[in-house]
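Each remark here refers to the structure printed beneath this line.
The values are calculated or read from the model by the stated rules, or taken from the named source; none is laboratory data. Remember, it's a predicted structure, so these values are computed and weren't measured experimentally. FYI the Cβ positions are ideal-geometry reconstructions off the backbone, even for glycines, and counts take in every protein chain you see.
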Amino acid sequence: MMLIRPIAMSDLDDLFKMAESSGVGVTTLPANRELLQARIQLSERSFARQLEPKEANYLFALEDSEHGRIVGVSAIEASVGLRDVWYNYRVCQSVYASKELDVHTTNETLYLTNDLTGCSEVCTLFLDEHYRHSANGRFLSKCRFLFMRDYQDLFDDRVIAEMRGYSDAKGHSLFWESLGRVFFQTEFSRADYMVGTGNKSFIAELMPKYPIYVAFLSEQAQRVIGQVHDNTKPALSMLEQEGFSFSGLVDIFDAGPIVEAMVANVRAVRESSTRQVVVEQEHATDDKQYFLVSNRAFDRFRAALLPARLVRQDTISIPESIALNLQVNTGDTVRVLPLRYQEDN
């Protein structure tokens, strides 16, 4: 059974293995045991309500209960840019005209901004490559919106997602090679790792504060502005289905796009609903349509997938073993959402 729950310190070894395999560009999952341990501690304190709401960072783990290990993670950061300055480039247009020369030109320009400070962020979506099937990625991504739906007061009205930008098979970023390397004099992988470890002071010290004219970059760099890594395309597609759209902002290192939505307008938030639990005996099923079901609990949040035929107008039938894993009993209320929307089928 695949189950989503808050991450625990006992998951550290599995999390470290995933971080080692995540590759360059997944900034929020550095392959550093001490930092990952601190990340788990932060999540545990967040779920225990030991932090101010804006300081919270909720890290969810996808557990393969049959093998007793976690195989994926996703997270929600309540407010970005409060502990560390949050930098992005805003892609703008600059227009120049001369009547005397009969010239009218439009050029793209990158402006360094902190416009997203205070927004909530869905982040750290990573799935073990052996589990990138059976809608596990969709399950891992959508569970966060069910949590946000039940606890909207803990989050900002606006939610963003910073998508991994384009890089080649060796992890080289074309955008970085044309712009970042000029000012930072280091490899993209090293700068990316430093950001992931929380060392961001070098950005303020070395990043140019003046607008960057895109035309001065290489043609290859210009083409990848706002483009995502091939492995990130499914995640971007899922967010677009939820109502996220390009914010006009890109990452300062790899030019990956930042997408945004109002929390209240996220489709999973709008279309999820509640049902009363009826625990029943086990039975075989070969359904192809599934619902995502969460127990609506805060500190002991759980989510699982159930066949769509078990979801009725006012109730949901949950087999005993799944009810045990979800930590629900007959009479409890759960939140449900179709794993796939009708147009996806």
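Tell me the residue from Arg138, Arg181 that is of a type in the set (Lys, Arg) and in contact (Cβ under 8 Å) with a residue 12 or more places away in the chain, please. Full working, then the answer.
Numbers: Arg181 fails: in contact (Cβ under 8 Å) with a residue 12 or more places away in the chain.
Answer to the check: Arg138.
So in the stretch 85-104, with the set limited to residues that are within 30 Å of Glu55 (Cβ to Cβ) and touching a residue at least 60 places away in the same chain (Cβ under 8 Å), which one is surrounded by the fewest Cβ atoms within 10 Å (Cβ to Cβ)?
Across the stretch 85-104, the extreme among qualifying residues is Val85.
Given the conditions (1) surrounded by 18 or more Cβ atoms within 10 Å (Cβ to Cβ); (2) of a type outside the set (A, V, I, L, M, F, W, C); (3) not in a loop (DSSP other than H, G, I, E, B), report the number of the one that Pro30 does not fulfil.
Pro30 satisfies every listed condition except (3).
Looking at Leu305, is it among the hydrophobic types (A, V, I, L, M, F, W, C), touching a residue at least 60 places away in the same chain (Cβ under 8 Å) and surrounded by 13 or more Cβ atoms within 10 Å (Cβ to Cβ)?
Here the answer is yes, as Leu305 does meet what is asked.
Which one is surrounded by the most Cβ atoms within 10 Å (Cβ to Cβ), of the residues in the stretch 249-302 that are farther than 26 Å from Glu121 by Cβ, touching a helix residue (DSSP H, G or I) at 6+ places or on another chain (Cβ under 9 Å) and free of Cβ contacts under 8 Å to residues at least 24 places away in the same chain?
Asp287
Are any residues in the stretch 106-153 modelled with pLDDT under 95, aromatic (Phe, Trp, Tyr) and either farther than 26 Å from Leu35 by Cα or touching an Asp or Glu at 6+ places or on another chain (Cβ under 7 Å) (or both), and if so, which ones?
Answer for the stretch 106-153, where residues must be modelled with pLDDT under 95, aromatic (Phe, Trp, Tyr) and either farther than 26 Å from Leu35 by Cα or touching an Asp or Glu at 6+ places or on another chain (Cβ under 7 Å) (or both): just Tyr111.
Taking the stretch 138-194 as the search range and keeping residues that are among the β-branched types (Val, Ile, Thr) and buried (at least 20 other Cβ atoms within 10 Å of the Cβ), which one is nearest to Val336 (Cα to Cα)?
Among those that are among the β-branched types (Val, Ile, Thr) and buried (at least 20 other Cβ atoms within 10 Å of the Cβ), it is Val159.
Pick out, from the stretch 52-137, the strands (runs of 3 or more DSSP E) lying fully within it that include 2 or more residues that are outside the structural domain of Gln222 (by TED's automatic domain parsing) and in contact with a strand residue (DSSP E or B) (Cβ under 8 Å, 6 or more places away or on another chain).
The qualifying strands (runs of 3 or more DSSP E) are 88-98, 103-113.
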